[in-house]
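Okay, structure first, notes after.
The values are calculated or read from the model by the stated rules, or taken from the named source; none is laboratory data. Predicted, not measured: the structure shown is a model, and the values here were computed from it. Cβ coordinates were reconstructed from backbone atoms using ideal geometry, including for glycine residues, and neighbour counts include every protein chain displayed. For accessibility, only protein heavy atoms count, side chains too; no ligands or nucleic acids. Shrake-Rupley method; radii C 1.70, N 1.55, O 1.52, S 1.80 Å.
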Amino acid sequence: ILLISLAVLLALQSFLLSSKLSIIPTGLPSSSSQNDTPPPPSRRRNNAGGTSSTSSSLFTPNEFRTSAYRNLPINNIDPHQTNLRIQTLTSQQVPLPSESLLHQAPAPPSPNAIVGLASYPSFMDGWRKLVGSLRMNGYEGHIIMGVSVDIPLGEREYLDKMGVTYYAVETVNCSAAILEGGVADTNNGVRSVCSKGLEEFKLEWGRYEMARRWLRACDSCTGWSMVIDTRDIFFQRDPFVSLGDASSSSSGGGSEHDLLFVEEVASYTNVLPEMPHRALNIGSSGRYTAHVNPCYGKNEVKAYELVDRPMLCSGTVIGTRDGIHRFLSVLVDEFRSNNAKGALCRSPATTDQWTMNYLYYKGRFGFVQKTRTLPWGTGPVLTVGKPCVDSQETGRARYKKDMMAFDKESGLILNPHESEESLTHVAPTLHQWDRCSVWMVPWLKKHEDLFMSTKEPGDEPAVPWV
């Protein structure tokens, strides 16, 4: 009997080991729960925005080249209540633009829109690189810009021919209420003045409210929209070429997402992983904590939860008509709330990019399953600023193109993580190119055909629909 019992015990032990089962007394933790290190907060499973805890992860960096990639918020806010609040916010009537409409362009063939503020006293070279590169590379949608009230006549004539709608943005002193405390004072152009009709926002923040109003006033802007920085952006292709039909996204066609944020280069998209300083994750950024901790509090920000997450760019945000309205409404509402909190929450103490990142990773833009972040080196936008600068070098040696990929025949700049068959193999949009001016200025000189067909802007032919 003893031998039989021993044989049974040995057989049972063998079965348990081969089946990877364990018998744990009720009410006691398993040895793995006691000894194993838990996954980083940004990789734990949750139900943010209705995501099933058994079917998805918050963050899947190893899948960034695939449609399975996720970079979901670390959400400590009730997603249902957040979505209800956003629905209430976005259903409110949008005021008419405060700026004077200087020129209304004829409706273009495409319902897509590019929107930005470029109220520089003189900007002809910038217009040619911005507007010229859009039109020369096949973009046939709306271009809506804020310009100086004293815009030169030659620039107006050029913009008219290029089919640009533009508003006159008059700079004025800001409301005294947002200058209290001294911290909000600065000599930085966009952070020192406001615009007429939006005295409650520095230009840095006010431009988002301008964009919100301009897009709502454009009845035919029913496709994709991109709200952009204007000084440091250049186009090699139509930026929306890969996105499908925005107007059908809500009914199951086109894109399943209506709001797209663009990632800057992170550790997992770095093409030079042996040089980790060439990329930056947001939780490791001292600038992020310096700008958000004083306003929101260190215990609320919890930057350590984002040590492996990418930084999102505030100068190239893409959405459908409803998606971009959601983004702009939430961001502007936060700006208004922050202004009421005090100097540490106002521009320039808390800036647009860091506020936007804080809101995203807190789930404050809501509708998580309709929102996506686009990994660096893929998709409509390639942000080249950080990859162009080697912080461990000095002088001209700092400015490099070793993280850039170039087409061997055309010399165009490529998305390093896109295949040759991809519609965005050639990066449609180059953002922050001015950080790379040491080699980008000669590159632009060599590729003038990308943004001009004649040396003189006055000789440039008008787009066909004007």
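Structure values in brief
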quantity: Conditions (1) without any contact (Cβ under 8 Å) to a residue 24 or more places away in the chain; (2) more than 29 Å from Gly283 (Cβ to Cβ); number of the one not met by Leu423; calculated: (1)
quantity: Among residues of the range 432-458, those that are within 20 Å of Leu272 (Cβ to Cβ) and under 22 Å from the mean Cα position of the chain (by Cα), counted; calculated: 4
quantity: Residue identified as in contact with a Leu (Cβ under 9 Å, 6 or more places away or on another chain) and either among the polar types (S, T, N, Q) or within 30 Å of Leu179 (Cα to Cα) (or both) among Phe327, Phe335, Phe261; calculated: Phe327
quantity: Among residues of the range 103-145, those that are among the basic types (Lys, Arg) and touching a Phe, Trp or Tyr at 6+ places or on another chain (Cβ under 8 Å), counted; calculated: 2
quantity: Sole residue being free of Cβ contacts under 8 Å to residues at least 12 places away in the same chain and of a type outside the set (Ser, Thr, Tyr), chosen from Gly286, Gly206, Gly197; calculated: Gly286
quantity: Residue check, Met452 crowded, with 18+ Cβ neighbours inside 10 Å, farther than 23 Å from Leu243 by Cα and touching a residue at least 12 places away in the same chain (Cβ under 8 Å); calculated: no
quantity: Test result for Glu209, within 30 Å of Lys400 (Cβ to Cβ) and part of a helix (DSSP H, G or I); calculated: no
quantity: Hits in the range 391-429 - residues which are more than 18 Å from Pro442 (Cα to Cα), modelled with pLDDT of 95 or more and acidic (Asp, Glu); calculated: Glu418, Glu420, Glu421
quantity: Test: Pro464 is under 26 Å from Thr165 (Cβ atoms) and buried (at least 20 other Cβ atoms within 10 Å of the Cβ); calculated: no
quantity: Which numbered condition Asp434 fails, given (1) touching a Cys at 6+ places or on another chain (Cβ under 8 Å); (2) within 30 Å of Arg156 (Cα to Cα); (3) open to solvent by less than 50 Å² (accessible area, probe 1.4 Å); calculated: (1)
quantity: Test: residue in the range 393-414 that is among the polar types (S, T, N, Q), under 27 Å from the mean Cα position of the chain (by Cα) and either over 30 Å from Arg156 (Cβ atoms) or outside any loop (DSSP other than H, G, I, E, B) (or both); calculated: no
quantity: Those residues of the range 261-278 which are open to solvent by less than 10 Å² (accessible area, probe 1.4 Å) and of a type outside the set (Lys, Arg), in sequence order; calculated: Phe261, Val262, Glu263, Val265, Ala266, Thr269
quantity: Odd one out for Leu374 among (1) closer than 15 Å to Val271 by Cβ; (2) surrounded by 17 or more Cβ atoms within 10 Å (Cβ to Cβ); (3) touching a strand residue (DSSP E or B) at 6+ places or on another chain (Cβ under 7 Å); calculated: (1)
quantity: Where a residue in the range 331-343 is within 15 Å of Ile86 (Cβ to Cβ) and its partner, wherever it lies, is assigned to a helix (DSSP H, G or I) and open to solvent by 20 Å² or more (accessible area, probe 1.4 Å), with Cβ under 7 Å and at least six apart; calculated: Val332/Arg212; Asp333/Leu89
quantity: Some residue of the range 351-364 being of a type in the set (Ser, Thr, Tyr), under 29 Å from Ala176 (Cβ atoms), outside any loop (DSSP other than H, G, I, E, B) and within 15 Å of the chain's Cα centre (by Cα); calculated: yes
quantity: Only listed residue being touching a residue at least 40 places away in the same chain (Cβ under 8 Å), crowded, with 24+ Cβ neighbours inside 10 Å and among the hydrophobic types (A, V, I, L, M, F, W, C), chosen from Ala246, Ala217; calculated: Ala246
quantity: Members of the range 280-300 found to be open to solvent by less than 10 Å² (accessible area, probe 1.4 Å) and hydrophobic (A, V, I, L, M, F, W, C), listed by number; calculated: Ile282, Val292
quantity: Pick from the range 333-350, criterion in contact with a Gly (Cβ under 9 Å, 6 or more places away or on another chain) and assigned to a helix (DSSP H, G or I), ranking: modelled with the lowest pLDDT; calculated: Ala343
quantity: Odd one out for Gly244 among (1) at pLDDT 95 or above; (2) assigned to a loop (DSSP other than H, G, I, E, B); (3) of a type outside the set (Ser, Thr, Tyr); calculated: (1)
